[in-house]
1. State to the nearest 20 debye the size of the charge dipole of segment 30-91 about its Cα centre, where the only charges are +1 on K and R beta carbons and -1 on D and E beta carbons.
2. Translational diffusion coefficient of segment 30-91 at 20 °C, 1.002 mPa s, Stokes-Einstein with Kirkwood Rh over Cα pairs, in µm²/s as a whole number.
3. With 10 angstrom as the radius, rank 54, 17 by how many other C-beta atoms surround their C-beta, starting from the fewest.
4. Using packing as a proxy for protection, rank 55-62, 43-50 so that the peptide with the highest average count of other Cβ atoms within 10 Å comes first.
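Quick note: the coordinates plus some simple rules give every number you see, no bench work behind them. Keep in mind that what you see is a predicted model, and the values were worked out from it rather than measured. Glycine gets a Cβ as well: all are built from the backbone with ideal geometry, and neighbour counts include every protein chain shown.
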Amino acid sequence: MNSSHKEIPPHKLILRDHLAVERTMLANERTLLAYIRTSLALVITGVSGVHFFDNHTFRILGSVLIAGGLIALVIGFARFYAVREATKEKN
């Protein structure tokens, strides 16, 4: 029972399969929102570190946090669109 959903024609899917695709799409949206939330927290923390502290260490750490937040955002959107494309054909 380890078959891919792409092997089954869309007109052969039963209600349980359609609902599974819907759950996958909703989980994908929740995951994207979690990536956005994490990214925003990293960027805000990084900007605060750069803005409020004059120490060189905090500026470097803040810059790393900002970069990490932007990378997390890009990864989140890439994963969102990959899963959406994989499930789009079944809906």
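1. Numbers: 7 positive and 3 negative charges, 60 e Å.
The dipole of segment 30-91 has a size of about 280 debye.
2. The diffusion coefficient I find is 170 µm²/s.
3. Numbers: 54 7, 17 14.
By the 10 Å Cβ count, ascending, the order reads 54, 17.
4. Ranking, from highest mean packing down: 43-50, 55-62.
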